[in-house]
1. Could you give the radius of gyration (one decimal) and Dmax (whole number) of the Cα atoms in segment 25-236, in Å?
2. How high is the FRET efficiency from ALA161 to ASP75, r the C-beta distance, R0 51 Å, rounded to 0.05?
3. Tell me, what ³J(HN,Hα) does each residue in segment 167-181 have, in order and in whole Hz, if you take phi through Karplus 6.51 cos²θ - 1.76 cosθ + 1.60 with θ = phi - 60° and put x for Gly and Pro?
4. If you average 1/r across every pair of different Cα atoms in segment 27-103 and take the reciprocal, what Kirkwood value do you get, in Å?
5. Through the Karplus equation 6.51 cos²θ - 1.76 cosθ + 1.60, θ set to phi - 60°, convert the phi angles of segment 146-152 into ³J(HN,Hα) values in whole Hz; use x for Gly and Pro.
6. Tally Lys/Arg at +1 and Asp/Glu at -1 over every other residue whose Cβ is under 13 Å from the Cβ of SER180; what's the total?
7. Highest mean first, what order results for 151-162, 90-101 on Cβ atoms within 10 Å?
8. Which chymotrypsin sites (Phe, Trp or Tyr not before Pro) from segment 149-223 combine a DSSP loop assignment with at most 15 other Cβ atoms within 10 Å?
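Read-outs: derived from the displayed coordinates by stated rules, not from any lab. Note that the structure is predicted; figures quoted are calculated from it, not measured. Here the Cβ is made from the backbone with ideal geometry for all residues, glycine too, and neighbour counts use every protein chain on show.
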Amino acid sequence: MAPTHSRIPTITLTLLTLSTGSLGQTSVTNEFTDPATGIVLQRFFGARTNYGFGIALSTSPSNSFIGQLSFPLNDGAGWGGWSLTGDMEGPLLMAAWSDGTSVVSSFRQAENEDDNPPEVVGDFSVRPIAAGTSVNATFLTFTFLCEGCLGAALGLDGTAATAEMGWALSDKAVGDPGSSAGVLEFHNVGFGEFQADLALARRPEFEDWAARAGAPVAAAAGATAFDAALVESGEDSGDEDEGDEDDDDD
Ligand code: HEM
């Protein structure tokens, strides 16, 4: 019997390993140095999709972060986004895409998973870091200072050592891509959550990097105010199939 018993842990571990791979256990961020700017980020990267989202924080209390979205474009079409939580409904979201020449970015807030989340405004702004921003027909990189983007009322207070965040990627054209109110279709390439290591994201160079950010990007006319009430009601609403929360195709 002894040999049988001793094999059980091995089998259990093997099954755990298999299920981790097949069920998409939450991915974690790793250190990444952006070659264009030297900014050091904690980055989630999907090997299948080539979607990346990196974050850098100040070592001092701050409600801002430096973010970097990078992802492939499909002959110029597509969009990528991040969520301040692992959910889509409620928290502050950002999507970015190409207008054919430049990167367009847009803050969004979703009340449901059926419609294009509308553009929102609030006490937050995005200030591009030009040296870390580029776009062509096949790839987009957007590096930015997200000022005032952290806080419990937005979905992530940023003081914890780690935080669950979300990602989404589409290769379909954005409707009216020249406007930050452009219409997004479902993230058909992939979506899910990841664990951002905020403790390791804190860097003493943060203020120097943040000082490179340009002017805040204005929202399109008609953008509505971010609604903090949706952040609470959106979390744990139980209206989604837990098993589908991560499509495991990062
Ligand atoms: C800034 C843009 C967006 C971001 C960052 C985003 C992010 C996410 C994330 C993280 C999830 C998984 C967690 C959850 O179920 O809440 C999700 C699910 C979902 N999203 Fe989005 N999303 C965006 C835009 C959209 C758009 C434009 C649509 C469709 C019009 C959409 C439709 C859905 C649907 C249907 C699900 C559930 C899928 C499933 O559980 O199988 N999303 N989104």
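1. Rg and Dmax of segment 25-236, Cα atoms, are 15.3, 41 Å.
2. Taking R0 as 51 Å, the efficiency between ALA161 and ASP75 is 0.80.
3. So the Karplus estimates, Gly and Pro as x, are 9, 7, 9, 10, 10, 9, 4, 7, x, 6, x, x, 10, 5, 8 Hz.
4. The Cα-based Kirkwood calculation yields 13.8 Å.
5. Calculated HN-Hα couplings, in order: 9, 8, x, 8, 10, x, 4 Hz.
6. -2
7. Values: 151-162: 17.3, 90-101: 21.5.
For the peptides 151-162, 90-101, the packing ranking is 90-101, 151-162.
8. PHE186
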